[in-house]
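The structure is given below, and queries will be raised subsequently.
Values quoted throughout were computed directly from the atomic coordinates according to the rules given, and no laboratory measurement underlies them. Given the structure is predicted, the values throughout are model-derived calculations rather than measurements. Using ideal geometry, Cβ is built from the backbone for each residue, glycine included, and neighbour counts are taken over all protein chains shown.
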Amino acid sequence: MTQPPSPLGSVDKALLTLDALARAGAGGLPLADLAAEVGANKSTLHRTLAALRHRGYADQRPDGAYTLGAAVLSLGAAYLAEDNLPGLLRPALEALRDEVDELVHLGTLAGQEVVYLDKVEPQRPLRVWSAVGRRIPVATTALGRALLAAAPGDLPQDADGTLRAAVSDARERGYASELEENEPGIACVAVALLRGGRPVAAVSITAPVERMTGPAHAARVAALRELLPTVLPTGLSVPAPSA
C-alpha cells in the first residue's frame, strides 16, 4: 500500500535525514550517501543539515560524515519522562487488563520506594487498595524487584539476603513476583520496561492468590512477557530471561 505524500516535503526530508543518521550510528554518513538514502539532491540536503546542526540535532565528524546530534537525547528523555509515561503507556496497560481482567499498575523508582504512576482497574472486584501516587518499599514489591533486576550492576545487598534472592530470581526468569508481602491474600507479578537497556518503569498484574497459581499464574506471566511487548510504544521493551 503506497503511503501518501508528506504535507510538507522540506520537513519530511529533515525527518528522513534524522532517521537515516540514526540507522548509520556513530560512524555517520557522508553527504553523498545520505542524499542517496534520503532521496534529496546534495545542495538541498546540505542546507537541511545546516539547520539541523544549528539546533544540535545533527553533527559533523572531522572526516566530513554527518551523525546525530546530542539534542535528540532531550527528545527521547522528554518522551519517556515520568510525567509523560502514564499517557504514553495507558493503551498498553488497558490491553494487558483486557487480556487478564486483573488490576494493572505502572510504577517507577523514587529512591528506595516505588511510586504508582497509573493503574487500570479490572471489571471484577479486587480486595486490594491502591492509588496513583502511592509509595511502597521497593524491597517487598514485584514492581521494585523487576526494576532492580533490570538495572545493570551487582545484585542488591540486604541483611538476610531475601531481596538479593528475589532480584536474582527475577533476572533469571525475566519477571519478578511477590506473594502476600504487602496485602494479605494478594500476589503480584511484574516486568521492567527498558529503554536502551535500562529500566525506566515497570508494569505489574495484581490478583488474589487463588488467581495466581498454576495455569492462571502462567497466563498472567505470559501476558506480561508476550502480549505486553507487542503493545508497547516504540523504543520500549521487556527484559529477556537470563537463565
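Count neighbours as other Cβ atoms within 10 Å of each site's Cβ, and list the GluC sites (Glu not before Pro) in the stretch 126-216 that are DSSP loop with at most 15 such neighbours.
Details: sites: Glu172, Glu178, Glu180, Glu181, Glu210; in loops: Glu180, Glu181.
The qualifying sites are Glu180.
Let me ask another. Between the stretch 90-120 and the stretch 153-231, what's the alpha-carbon centroid distance in Å?
Centre-to-centre distance over Cα atoms comes out at 12 Å.
What order, most packed first, do the peptides 212-218, 226-232 have when packing is the mean number of other Cβ atoms within 10 Å of each residue?
226-232, 212-218
Where does helix 85-100 land angle-wise versus the long Cα axis of the chain, in degrees 0 to 90, nearest 10?
Orientation of helix 85-100: about 50 degrees from the principal axis.
On a 0 to 90° scale, report how tilted helix 162-173 is relative to the longest principal axis of the chain, with both axes built from alpha carbons and the result rounded to the nearest 10.
With rounding to tens, the tilt is 50 degrees.
Could I ask something else about it? Where a ≥ b ≥ c are the square roots of the eigenvalues of the C-alpha gyration tensor, would you call the stretch 150-243 rounded, which needs a/c under 1.5, or, failing that, prolate if a/b is larger than b/c, or oblate? Walk me through the intermediate numbers first.
Values: a/c = 1.96, a/b = 1.08, b/c = 1.82.
Since a/c reaches 1.5 but b/c is at least a/b, the shape of the stretch 150-243 is classed as oblate.
Same structure, new question: If I fit a long axis through the Cα atoms of helix 42-54 and take the longest principal axis of the Cα atoms of the chain, what angle between them do I get, 0 to 90°, rounded to 10?
Between the helix axis and the principal axis of the chain, the angle is about 50 degrees.
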